[in-house]
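The values are calculated or read from the model by the stated rules, or taken from the named source; none is laboratory data. Keep in mind that this is a model prediction, so the values were computed, not measured. We place every Cβ from the backbone using ideal geometry, glycine too, and count neighbours over all the protein chains shown.
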Amino acid sequence: MDANEQPHSWHYGLVALWWAEFNRDADEETAYFRRIIEQFGEPALDLACGTGRVLLPLLEAGLEVDGCDISADMLALCAERAAEAGFAPNLHRQTMHELDLPRAYRTIYICDSFGIGGNRAHDAEALRRCWRQLAPGGALVFNHYLPYNDADLWGYWLPDSRGALPENWPADDPARRRVLPDGDQLELATRHTSFDPLAQHMTLELRARRWRGGELVAEEYGTLLENLYFCQEILTLLAGAGFEDVAVTRAYSDAPASPDDTKLMFVARKSPDSDGV
């Protein structure tokens, strides 16, 4: 990806609809981020909020949370779901590395989205923007899967294994289809198409299909670049963004991370002595 190219994602159209209808289970994440917001304060910002998987339950818990996402489709579905529940949250369409919102936040959280869609320069700038958007003493909290989280994908760091890319699409299987309220069915499939161990990024392709009465009526494809980071790299990025107090814990836990953990939480504080936003 060229340094000047804008980030992109596959979270549009049929994929956004899938997320809104079938990706709503967030009990563990919601409980964790609720504790985080109660610890560091409101207002909070759900960065890469999508269709509101975490945002909406936090609103229902009485917390003041805004949302921000790159996808207009995801935000529209989030607003629709929020209105059905009686809420009208502030929702903003911005990329992470262009984050520039009208108020400061005590808490900013990112769930499952750091490092996807853009390049490494975008990721570094996103962390700087988060630091600027925080009130003094506020916290940025996000999770990250380490590159060796998936043993099968870890093999692609080796030249002989990369010869198997791109992966084949999975065989058609009606059991993977999910039924929409109107009776249509949606099916998602993903595959890894390339991996660059020097650049430390992997490219994924997604295929979304809509079926009606057993007939395929729509098909959409998208690609997504995922930047791969090790723990110490993220700590270096956070320090470069201005964060001086960073804790690394196990996923959705306050317990310190161990060498056996492959999914980590980063809790980065902005100094209380910082000069505003």
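Key figures
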read-out	value
Residues within the stretch 234-255 that are loosely packed, with under 14 Cβ neighbours inside 10 Å, within 22 Å of the chain's Cα centre (by Cα) and not in a loop (DSSP other than H, G, I, E, B), tallied	3
Residue in the stretch 54-68 that is touching a residue at least 60 places away in the same chain (Cβ under 8 Å), hydrophobic (A, V, I, L, M, F, W, C) and under 25 Å from LEU237 (Cα atoms) present	no
Near pairs, Cβ below 6 angstrom, 6+ apart or cross-chain, from the stretch 97-113 (under 14 Å from ASN143 (Cα atoms)) to any residue that is part of a helix (DSSP H, G or I)	ILE108/CYS130; TYR109/PHE33; CYS111/GLU29
Whichever residue in the stretch 146-169 is in a loop (DSSP other than H, G, I, E, B) and over 23 Å from the mean Cα position of the chain (by Cα) and, among such residues, is nearest to THR190 (Cα to Cα)	TRP169
Residue among PRO43, PRO57 that alone is surrounded by fewer than 23 Cβ atoms within 10 Å (Cβ to Cβ) and in contact with a helix residue (DSSP H, G or I) (Cβ under 7 Å, 6 or more places away or on another chain)	PRO57
Among (1) closer than 29 Å to ASP254 by Cα; (2) touching a Phe, Trp or Tyr at 6+ places or on another chain (Cβ under 6 Å) - the single one ASP73 does not satisfy	(1)
Candidate set from the stretch 21-49 (those that are among the small types (Gly, Ala, Ser), at pLDDT 95 or above and under 20 Å from ALA83 (Cα atoms)); member that is farthest from the chain's Cα centre (by Cα)	ALA44
All positions within the stretch 130-145 that are within 24 Å of MET202 (Cβ to Cβ) and not hydrophobic (A, V, I, L, M, F, W, C)	ASN143, HIS144, TYR145
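Residue-wise test of (1) surrounded by fewer than 13 Cβ atoms within 10 Å (Cβ to Cβ); (2) of a type in the set (Lys, Arg); (3) in the same structural domain as PHE33 (by TED's automatic domain parsing); (4) within 24 Å of SER9 (Cα to Cα).
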{"residue": "ARG132", "(1), (2), (3), (4)": "no, yes, yes, no"}
{"residue": "LEU158", "(1), (2), (3), (4)": "yes, no, no, no"}
{"residue": "PRO170", "(1), (2), (3), (4)": "yes, no, no, yes"}
{"residue": "ALA175", "(1), (2), (3), (4)": "yes, no, no, no"}
{"residue": "GLN200", "(1), (2), (3), (4)": "no, no, no, yes"}
